């Protein structure tokens, strides 16, 4: 039985640049770093940066992205820090809660978001998506 998402690995073309971006700009906590990778914590979750010569430059055309949770009180400070480092934004927020959609140095699509699943479901109940089906939560 699946108990959660264990980790997310991002292929990066320049480990030092990406490590600095995720620690300094995004605010993740460094845990380990070696010649070809690094582990960083985002709250209780962790990501791996993996040096990869086949990293595709630039963002993909689809909506796939990685979203980090941010306390609503800290959202503006976090968003300002990201914007001050000239991170490219890739989408305007149209969902509930505050969000900032931005790119990392390799073009991975990222988001900081101040809501959670409960707030998203409440918003869906108030304004349902076309064809919405809600399932009982245990």
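All of the numbers you see were taken from the coordinates with simple rules; none came from a lab. Owing to the predicted nature of the structure, the values given are computational and were not obtained by experimental measurement. Neighbour counts are summed over all protein chains in view; Cβ atoms, including those assigned to glycine, are modelled from backbone coordinates with ideal geometry.
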Most mobile listed residue (42, 87, 118) in the chain, GNM with C-alpha springs under 10 Å: 118
How big is the shadow of the Cα convex hull of the stretch 8-126, averaged over all directions, in nm²? 7.7
Would you kindly state how much longer the chain becomes between residue 125 and residue 16 on full extension, computed as 0.36 nm times their sequence separation minus their alpha carbon distance, in nm to one decimal? 34.9 nm
Residue 117/residue 50 FRET efficiency (R0 25 Å; Cβ-Cβ; nearest 0.05): 0.35
Take the alpha-carbon centre of the stretch 13-45, take the same for the stretch 102-118, and report the distance between them in whole Å. 15
If 78, 48 are placed from fewest to most neighbouring beta carbons inside 10 Å, the sequence is 48, 78
Limiting things to C-alpha atoms, what are the Rg and the maximum Cα-Cα separation (Dmax) for the stretch 1-67, in angstroms? 12.5, 37
P(r) over all Cα-Cα pairs of the stretch 48-99, 10 Å bins from 0 to the longest distance, whole percent per bin, short to long, reads 17, 44, 32, 7
Please order 114, 95 by the number of other Cβ within 10 Å, starting at the fewest. 95, 114
Here the gain from full extension of residue 6 to residue 66, 0.36 nm per residue of separation minus their alpha-carbon distance, amounts to 20.2 nm
So what is the calculated 222 nm ellipticity per residue for the chain, using -39500 (n - 2.57) for each DSSP H run with n of 4 or more, over all residues, to the nearest 500 deg cm²/dmol? -5000 deg cm²/dmol
With a 10 Å Cβ neighbour count serving as the proxy for reagent exposure, in which order, fewest first, do 70, 23 appear? 23, 70
Over the chain, with a Gaussian network built from C-alpha contacts below 10 Å, which listed residue (52, 104, 62) shows the highest mean-square fluctuation? 62
Where the convex hull is taken over the Cα atoms of the stretch 63-138, what is its projected area averaged over directions, in nm²? 6.2
Which one, 99, 18, 60, has the greatest fluctuation when you compute a Gaussian network model over the chain with C-alpha springs under 10 angstrom? 60
